[in-house]
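K.L.:
To start, I am sharing the structure in question, which I have written as structure tokens.
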Amino acid sequence: MNLPPQIRVLERGWLSSNNILIDNGDACALVDSGYHAHAAQTLSLLQHALAGKPLTWLINTHCHSDHMGGNAAVQRAYACRTSIPVGEAPAIAAWDDATLMLRYTGQSAERFGYDDTIAAGDRLQLGGLEWQALAAPGHDRHALMFYAPAARILISGDALWENGFGLIFQELFGQAGGFADTRATLETISRLDIATAIPGHGAPFGDVERSLATAFQRLDAYERDPAKLARHALKVMLSFSLMILGRMELAGLPQFLVDRPIYGDVNRRFLRLPEAELCAYLVKDLERAGALKLEDGWLRAT
Ligand SMILES: [Zn+2]
């Protein structure tokens, strides 16, 4: 993908978000730090990519565990200034586990502090380019995207991937507005002149029009049938947990779901399946999608 040499994307998997390293000449800035269980890997990738330059600024697109989970480790290693979206600040300052959805989803992150906040409309100087911070509500109400008009680059976070976008949590929690927010964010993106989008997960991509068409189609389908979003969400959550754990005993799955309230809440709200049926559905569908393997009573991440 045609990115200027001062922008490097350390492409990660699904558990850790991508890390975007921007060279400001005498120092570098980093957008998003990955999942905390991968912090050692993040640090070693960073150290290699920095090649001796200092990292002086850490920025988050939003504060989900797979984007900010490595913040504390990065701060320890580099003593960098940390800027987060202004809407995320209260939850981060208080380390409000419920708002951060950590225990709720069975995810974790190491507590960190921040130095300042970024609001939609702010302008940032990174890599010799001016970037506009744009509101990107939908997947996360407070998320920001960063757009550099001169280079026609959009750092989209989880608002737009090559083939989709992040879960619309607001709707999963029974709060209206998430679909409309997602639509508004996709429309914001469609008004930008973009040569390259750098997503929070997956490789940078150039055919933004095609990705937007896919995203609008998916959003339409969710709006018609929100249970589709609910089923997708529970499968994503479970395969995320399996990736963290590596494997899980099938017999322990019902209790695993009970211990992470998102499963019961979303099931009650949208699916209303008896517990055993929910377990069977999730396992069968993830197996069919190739996201897990069932062997000798164990679920294994593939
Ligand atoms: Zn996210």
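K.L.:
Name the pairs whose Cβ atoms lie under 8 Å apart, with the first residue in region 288-302 and under 17 Å from Gly13 (Cα atoms), the second hydroxyl-bearing (Ser, Thr, Tyr) and open to solvent by less than 40 Å² (accessible area, probe 1.4 Å), and 6 or more positions between them or separate chains?
P.N.:
Ala291/Ser239; Leu292/Ser239; Ala301/Ser239
K.L.:
Can you tell me which of (1) under 28 Å from Ala73 (Cα atoms); (2) loosely packed, with under 15 Cβ neighbours inside 10 Å is the one Asn163 doesn't meet?
P.N.:
Tallying (1) under 28 Å from Ala73 (Cα atoms); (2) loosely packed, with under 15 Cβ neighbours inside 10 Å, Asn163 fails exactly one: (1).
K.L.:
Filter region 1-28 down to the residues that are in contact with a strand residue (DSSP E or B) (Cβ under 6 Å, 6 or more places away or on another chain) and of a type in the set (D, E, K, R) and list them by number.
P.N.:
Once the filter is applied, which keeps residues that are in contact with a strand residue (DSSP E or B) (Cβ under 6 Å, 6 or more places away or on another chain) and of a type in the set (D, E, K, R), region 1-28 yields only Arg8.
K.L.:
Now, a different point. When both residues are 6+ apart or on different chains and their Cβ atoms are under 6 Å apart, which pairs have a first residue that lies in region 233-258 and is at pLDDT 95 or above, and a second that is open to solvent by 30 Å² or more (accessible area, probe 1.4 Å) and among the small types (Gly, Ala, Ser)?
P.N.:
From region 233-258, the pairs are Leu250/Gly297.
K.L.:
Now for a separate question. Looking at this structure, is Ile244 open to solvent by 50 Å² or more (accessible area, probe 1.4 Å), within 20 Å of the chain's Cα centre (by Cα) and of a type in the set (Val, Ile, Thr)?
P.N.:
yes
K.L.:
Among residues belonging to region 148-178 that are in a strand (DSSP E or B) and over 21 Å from Ala230 (Cβ atoms), point out the one that is nearest to the ligand (Cβ to nearest atom).
P.N.:
Gly157
K.L.:
Take the conditions assigned to a loop (DSSP other than H, G, I, E, B) and without any contact (Cβ under 8 Å) to a residue 40 or more places away in the chain and apply them to Gly121. Does it pass?
P.N.:
Yes: the conditions hold for Gly121.
K.L.:
Okay, moving on. Answer yes or no: is there a residue in region 102-112 that is away from the ligand (no atom under 16 Å from the Cβ) and touching an Asp or Glu at 6+ places or on another chain (Cβ under 7 Å). Quick ask: steps written out before the conclusion?
P.N.:
Filtering region 102-112 for residues away from the ligand (no atom under 16 Å from the Cβ) gives 103, 110-112.
From what's left, touching an Asp or Glu at 6+ places or on another chain (Cβ under 7 Å): 103.
Within region 102-112 (the criterion being away from the ligand (no atom under 16 Å from the Cβ) and touching an Asp or Glu at 6+ places or on another chain (Cβ under 7 Å)), the answer is yes, since at least one residue qualifies.
K.L.:
Since Thr42 meets every condition but one in (1) assigned to a helix (DSSP H, G or I); (2) open to solvent by 40 Å² or more (accessible area, probe 1.4 Å); (3) of a type in the set (S, T, N, Q), which condition does it not meet?
P.N.:
(2)
K.L.:
Separate question: With the condition kept exactly as written, say whether any residue in region 76-87 is within 16 Å of the ligand (Cβ to nearest atom) and surrounded by fewer than 22 Cβ atoms within 10 Å (Cβ to Cβ).
P.N.:
Among the residues of region 76-87, at least one is within 16 Å of the ligand (Cβ to nearest atom) and surrounded by fewer than 22 Cβ atoms within 10 Å (Cβ to Cβ), which makes the answer yes.
K.L.:
List pairs: first residue in region 45-72 and without any contact (Cβ under 8 Å) to a residue 40 or more places away in the chain, second residue assigned to a helix (DSSP H, G or I) and within 16 Å of the ligand (Cβ to nearest atom) anywhere in the structure, Cβ distance under 6 angstrom, at least six positions apart or on different chains.
P.N.:
Between residues of region 45-72 that are without any contact (Cβ under 8 Å) to a residue 40 or more places away in the chain and residues that are assigned to a helix (DSSP H, G or I) and within 16 Å of the ligand (Cβ to nearest atom), the close pairs are Asn60/His67; Asn60/Met68.
K.L.:
Given the conditions (1) of a type outside the set (Ser, Thr, Tyr); (2) open to solvent by less than 30 Å² (accessible area, probe 1.4 Å); (3) within 12 Å of the ligand (Cβ to nearest atom), which single one is not true for Ala133?
P.N.:
So the condition that Ala133 fails would be (3).
K.L.:
So is Leu15 touching a residue at least 60 places away in the same chain (Cβ under 8 Å), away from the ligand (no atom under 16 Å from the Cβ) and assigned to a loop (DSSP other than H, G, I, E, B) or not?
P.N.:
no
K.L.:
Same structure, new question: Show me the helices (runs of 4 or more DSSP H) entirely contained within region 191-302 in which 2 or more residues are in contact with a Cys (Cβ under 6 Å, 6 or more places away or on another chain), closer than 25 Å to Gly157 by Cβ and hydroxyl-bearing (Ser, Thr, Tyr).
P.N.:
none
The values are calculated or read from the model by the stated rules, or taken from the named source; none is laboratory data. All values reported here derive from a predicted model rather than from experimental measurement. We place every Cβ from the backbone using ideal geometry, glycine too, and count neighbours over all the protein chains shown. Heads up: the accessible areas ignore ligands, DNA and RNA and are worked out on the full protein's heavy atoms, side chains in. Shrake-Rupley method; radii C 1.70, N 1.55, O 1.52, S 1.80 Å.
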